[in-house]
Structures are given as C-alpha cells and as structure tokens.
Amino acid sequence: MDLEIKNKVAIVFAASKGLGKAAALALAKEGCRVAICSRDAKKIERVAGEIEAISGSAVLGRAVDVGKKEDIDRFIKNVVDRWGTIDILVNNAGGPLVATFEQSQDDEWLKWYNLTFMSVVRAVKAALPFLKQNNWGRIINITSSSVKAPIESLVYSNSIRLAVVGLAKTLSRELGQYGITVHNVAPGYHLTDGLERIIDNRVEQGQKREDVLNEWSQNIPVGRIGEPEDLAALITFLASGKAGYMSGTTISVDGGLYAGTL
C-alpha cells in the first residue's frame with residue numbers, strides 16, 4: 001500500500017531509542033525525510049546514521065532538550081533550513097517518574113508539566129506555520145495508556161498526559177480547515193525504559209522481574225508485552241495520506257488490555 005508520504009518531512013522528538021526511534025525508522029522506511037532529536041548529541045547522530053543506512057532516506061539528528069523552548073525553536077528552524085518545510089510532527093518525551101500522590105513533590109509537578117505538556121505546546125506552536133502553509137499536516141502525540149485508565153504509582157503521567165489529550169482534541173477542531181489532523185497514540189506495556197522504571201519499582205517492593213513480566217503478559221489479551229514497532233506501525237498510518245478523514249482520536253496500542261468500550 002502506498003501511504004502517500006514519500007519525501008514528506010517528518011519530525012520525531014525523543015527518538016534516540018524506544019518508541020521514538022521505532023517511529024522515526026518506520027517513517028523513514030516509507031520515504032520520509034526525518035529529523036530526530038534527543039539530549040545526547042553523540043547518540044542521536046549515531047542513531048540518525050543507523051536509520052539512514054537502513055531506510056535509504058535522509059535523516060537529520062540534533063541535540064535537543066524538550067524541556068527548553070529555545071531548544072525546540074532552534075530544532076524546528078534547523079529542519080526548515082535543511083528541507084524548507086514540515087509535514088509531520090510526532091511529539092514524544094521521556095515518561096514521568098514513578099510516584100504515588102503522597103510521594104509527589106511540588107517542584108516535580110512543575111518539572112513534568114513542562115516536559116510532558118509544554119513540550120507539545122511549544123513544538124506545535126513552532127511547527128504550525130509550516131503545516132498551515134502546506135495546507136496538509138499530521139500531528140501525533142505519543143502519550144500513554146494512562147490517559148484511558150490510571151496506572152498504579154504513576155500519578156504524574158495519569159494526570160498531566162490528559163492535558164495533552166485535551167489539547168489534541170481542541171487542535172483537531174481548530175486545524176482541520178487547514179488539512180491538518182491531530183491524534184494521540186496511547187501505548188500500554190511496551191519494552192521501553194519507561195516500562196523498566198515500573199519494573200524496578202516492583203522489584204524494590206520485593207517482586208521478581210520475571211514474575212512481573214509474566215503477570216503482565218498473562219493479563220494482556222494477546223498474550224505478550226508490546227514491541228516499539230507495534231506503536232510505530234500505527235503512527236505511520238496516522239501520518240499517511242490514507243488517514244486523512246481521521247482526526248481528534250486517542251488510540252490505544254496495548255494488546256487489548258484496556259477493558260473500556262470507548
């Protein structure tokens with residue numbers, strides 16, 4: 001199937017590993033020119049080279065701290081200076097730390113609000129003029145299954161990621177007239193650093209790592225924990241020309257774990 005995105009310019013934040021890296025690679029394989037970033041300059045340059053070698057597409061890697069507006073603005077400018085435009089924006093950031101409400105701290109609330117929510121606001125603000133100019137665009141936010149059902153000891157994620165969902169729904173209403181669609185993808189248990197933080201927390205409470213993984217796998221209807229590529233496949237479709245009549249959605253990628261009907 002031709003997804004109609006060959007030569008489109010895609011930006012993927014926090015793409016040196018895990019879900020972001022998988023999304024960047026999937027888009028590059030479809031022929032997109034892809035800009036990726038992370039805080040580690042050497043690592044992101046190495047990953048850019050890997051993706052370019054595998055996909056044959058042009059890849060730009062830059063060091064960016066998504067918690068800093070000036071870094072985001074500079075990155076967007078770098079991309080436009082290189083390729084002249086932006087078509088696809090995939091927002092991503094490292095997940096908030098493990099904590100219950102009583103363990104939460106005032107300064108940590110502000111830190112994770114800035115990283116989890118304001119990074120999306122700032123990236124969209126910086127990229128939007130170019131998406132509107134093209135009268136075509138895709139904005140996709142990597143959130144978490146916590147926006148569907150709260151996850152134990154993830155009070156920051158459970159709370160702040162819902163603001164991203166509200167923003168995305170609002171943007172879908174405001175930007176549809178410009179041919180821009182907006183979505184959230186909500187990964188469940190995937191083999192990433194974020195999942196490892198939850199596992200470490202369980203281990204500290206006396207559980208064995210293999211027991212935690214087995215418990216989760218048994219509770220997931222498809223019988224396994226997800227791979228980053230499972231989420232990347234959905235992101236690539238939502239970024240495509242084939243998904244032009246979809247907007248404002250929050251889609252779970254969790255092996256059927258979420259038991260709700262909506």
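Derivation of every value follows stated rules applied to the coordinates shown; laboratory data play no part. Quick caveat, the model's predicted, so the values are computed rather than measured. Methodologically, a virtual Cβ is constructed for each residue, glycine included, from the backbone with ideal geometry; neighbour enumeration extends over all protein chains shown.
Points worth noting:
- For region 1-106: Kirkwood Rh in Å [reciprocal of mean 1/r, alpha carbons]: 14.3
- Among [x] 53, 41, 40; [y] 93, 48, 44; [z] 45, 41, 41, the entry derived from the coordinates for Cα extents along the principal axes in Å: [x]
- Three-way shape call for region 20-172 based on the alpha-carbon gyration tensor, with the a/c threshold at 1.5: prolate
- Based on Cα contacts under 8 Å between residues 6+ apart, region 89-147 shows a relative contact order of 60 percent.
- Label-to-label distance, nm, for residues given as residue 134 and residue 74 (7 Å Cα→Cβ offset): 2.5
- Cα radius of gyration and Dmax for region 121-176 (Å): 13.5, 43
- When Rg and the Kirkwood radius Rh are both evaluated on Cα atoms of region 169-247, their ratio Rg/Rh stands at 1.16.
- Across region 7-54, the relative contact order, built from alpha-carbon pairs under 8 Å that are at least six residues apart, equals 40 percent.
- Residue-span extension gain [residue 209 to residue 174] - 0.36 nm each, minus C-alpha spacing: 8.1 nm
- Between helix 41-55 and the chain: long-axis angle, C-alpha atoms, 0 to 90°, nearest 10: 70
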